[in-house]
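A short write-up of the structure that comes next.
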Amino acid sequence: MNQHVLFKLGSAPTHQMRSGVGASWHSILNAPTGHGGSAFGGQPPLLPAHEPLWKSIESYASQLKLSLIRLEFEWQQFEPEKGAYNWDSPEMQILDRICAWAQRNGADVLLQQQWGGINWNSFEAFRGDPAMETYSAPADLDAFTTGWMHLLDELYTRRGYTCIKWVNIINEPGYWWWHTPESYRILREEGDRERSKDLQYDYLNKACALVRKRLQIEHPSVRLMGPDETDMPVYERLANEAWFQNVDDIDFHSYNSIFDHCAPSTPYEYPIHERIDKLVARYCKEAHSADKGFYLTEVGSMTYGFGADNSAPGNELSAIKDTELLIRSLRAGIDGFSRWSFTNRGDIDGQWQLIDTWDIEHKNWKKEASPHRPAFDILGRAMSSVPKQAHIIPISIKGGTLDDSPHQRVWATCVQDPITQQARVIIINNSDESFEFTLESPELGNSTLNNTEWSLLPSWDDPALPLEKNIINPLCREGNLPARQLTILESHHSI
């Protein structure tokens with residue numbers, strides 16, 4: 001006999017997202033010396049031979065309805081020498097094309113520096129060592145700030161890319177790419193990562209204060225996001241952190257979450273309920289009370305393995321877990337969600353991509369992109385179902401557990417389009433058993449969900465299937481949740 005779960009919709013939204021759901025989409029072509037993660041080579045230069053690939057990449061971005069683009073770059077692609085700007089380098093051509101797609105499609109862009117990689121603004125102790133130039137924070141913060149303003153002058157003002165809503169001055173400070181000579185010495189010679197991180201954050205705070213001040217004067221429509229920390233750090237109170245006052249919006253990364261029913265296998269892993277349902281929900285409240293947004297700007301799964309061409313980051317379990325994390329993050333009150341990543345070579349630190357653009361066997365770009373399954377069909381479909389600036393309607397869940405475990409195995413969220421008022425219920429069943437479900441609409445009040453007809457969306461292309469009405473309660477619809485699958489329900493008409 002199948003298990004049963006009851007979903008009961010609330011009568012009004014509890015939160016409206018400030019942005020949407022999307023993915024990292026980098027403009028970097030070549031690997032840096034030293035550590036660069038996999039933020040390069042996911043798409044080719046803009047050459048005629050690669051135009052079919054580019055068109056297919058853009059087509060999949062549209063199918064996924066990416067509404068938040070974390071657009072990564074390295075500093076040397078536009079200012080290789082102090083004050084000498086190159087707006088037409090191969091990487092800047094890629095960045096321009098991504099911005100153009102975002103502008104046409106109404107997506108928000110976060111401009112994200114991954115690393116500097118430039119000799120002229122590295123600390124003197126690091127100059128001449130290409131690895132250390134990758135890891136160096138900018139020695140001249142005034143020149144660094146001026147470079148950001150010139151970049152926005154070019155992209156936002158002259159080219160009209162008003163889709164750029166934020167800048168983020170460095171990826172994951174406290175680890176690789178924001179070192180001073182002293183922070184690196186303490187890390188390498190003394191092995192004290194926490195003290196090294198503290199020094200990096202002291203320097204980060206100075207940089208954020210300078211950049212934010214100039215943004216408010218020269219580009220007041222662009223906000224500063226930060227600190228871009230990984231991996232879902234635990235703070236007693238966000239406002240107690242020095243960086244909190246120096247950013248407009250807050251973002252963290254999450255890679256080591258695990259299902260609630262699984263036991264952590266490393267000190268880095270954490271159940272979703274611990275860091276999302278509790279911690280992220282609290283962070284959202286703290287951020288919103290200070291008129292700041294809260295974002296998850298890199299999300300993926302390391303728990304089943306990663307590295308080289310390991311397929312685990314995009315396998316079925318990872319896709320289901322990451323979809324559950326998306327659903328529960330929306331329930332917690334986040335303002336935006338970005339998957340790592342939209343394009344990715346897949347042979348550097350794991351197969352994180354939603355679409356395949358790189359031929360791993362032949363070590364070259366493909367002629368056309370293709371979906372990276374099953375991540376594309378599970379997480380990608382869920383992402384595409386969340387409209388930009390969605391209203392989040394509360395949905396209570398009763399049941400959804402298995403007889404031998406107290407852990408919830410079925411999770412759902414309801415998102416409503418702010419323009420059409422159409423709603424979708426996104427459901428993930430992470431168990432090996434199917435569940436019968438009942439969806440109950442609100443009984444009273446002026447809810448736009450009253451007397452709404454619902455249908456099931458079986459896949460990307462299959463026609464919608466009307467849900468059966470409960471013969472006793474006309475407010476209820478019934479159906480089945482297959483094991484280890486995503487289920488999406490949609491209102492029949494604008495509600």
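Data table
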item: Answer residue from the range 33-77, given it is at pLDDT 95 or above and β-branched (Val, Ile, Thr) and is surrounded by the fewest Cβ atoms within 10 Å (Cβ to Cβ) among those; result: Ile57
item: Any pair with Cβ under 6 angstrom, 6 or more apart, that starts in the range 114-126 at a residue that is part of a helix (DSSP H, G or I) and ends at one that is at pLDDT 95 or above; result: Ala125/Pro181; Phe126/Met132; Phe126/Glu133; Phe126/Ser136
item: Some residue of the range 389-406 being crowded, with 18+ Cβ neighbours inside 10 Å, in a loop (DSSP other than H, G, I, E, B) and in contact with a Leu (Cβ under 7 Å, 6 or more places away or on another chain); result: no
item: Which numbered condition Pro233 misses (of (1) in a loop (DSSP other than H, G, I, E, B); (2) over 18 Å from Phe337 (Cα atoms); (3) without any contact (Cβ under 8 Å) to a residue 60 or more places away in the chain); result: (2)
item: Contacts under 8 angstrom Cβ, first residue in the range 416-434 being at positive phi and outside the structural domain of Leu330 (by TED's automatic domain parsing), partner of a type in the set (Gly, Ala, Ser) and not in a strand (DSSP E or B), 6 or more apart; result: Gln421/Ser494
item: Residue in the range 341-360 that is closer than 20 Å to Pro227 by Cα and in contact (Cβ under 8 Å) with a residue 60 or more places away in the chain present; result: yes
item: Residue satisfying all of: in the range 146-185; part of a helix (DSSP H, G or I) and touching a Leu at 6+ places or on another chain (Cβ under 7 Å); surrounded by the fewest Cβ atoms within 10 Å (Cβ to Cβ) among these; result: Glu182
item: Selected residue (criterion: surrounded by the most Cβ atoms within 10 Å (Cβ to Cβ)) from residues of the range 250-287 that are more than 16 Å from Tyr235 (Cα to Cα) and touching a Leu at 6+ places or on another chain (Cβ under 8 Å); result: Ser257
item: Unmet criterion (only one of (1) among the acidic types (Asp, Glu); (2) more than 12 Å from the chain's Cα centre (by Cα); (3) under 20 Å from Trp25 (Cα atoms); (4) in a helix (DSSP H, G or I)) for Glu324; result: (3)
item: Which numbered condition Cys208 misses (of (1) free of Cβ contacts under 8 Å to residues at least 24 places away in the same chain; (2) of a type outside the set (Val, Ile, Thr); (3) assigned to a helix (DSSP H, G or I)); result: (1)
item: Residue satisfying condition, being surrounded by fewer than 18 Cβ atoms within 10 Å (Cβ to Cβ) and either in the same structural domain as Ser59 (by TED's automatic domain parsing) or under 25 Å from Ile258 (Cα atoms) (or both), within set Ala319, Ala375, Ala290; result: Ala290
item: Residue that is nearest to Leu29 (Cα to Cα), among those in the range 74-86 that are under 27 Å from the mean Cα position of the chain (by Cα) and not charged (D, E, K, R); result: Gln77
item: Those residues of the range 333-362 which are surrounded by fewer than 24 Cβ atoms within 10 Å (Cβ to Cβ) and among the aliphatic types (A, V, I, L, M), in sequence order; result: Ile348, Ile360
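Results for (1) of a type in the set (Lys, Arg); (2) in the same structural domain as Asp356 (by TED's automatic domain parsing); (3) within 17 Å of the chain's Cα centre (by Cα); (4) closer than 21 Å to Ile98 by Cα, shown as yes or no for each residue.
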site	(1), (2), (3), (4)
Lys8	yes, no, no, no
Ser24	no, yes, yes, yes
Ile28	no, yes, no, yes
Gly36	no, yes, no, yes
Ala39	no, yes, yes, yes
Gln43	no, yes, no, yes
Leu47	no, yes, no, yes
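The values are calculated or read from the model by the stated rules, or taken from the named source; none is laboratory data. The structure displayed is predicted, hence computed values, not measured ones. Using ideal geometry, Cβ is built from the backbone for each residue, glycine included, and neighbour counts are taken over all protein chains shown.
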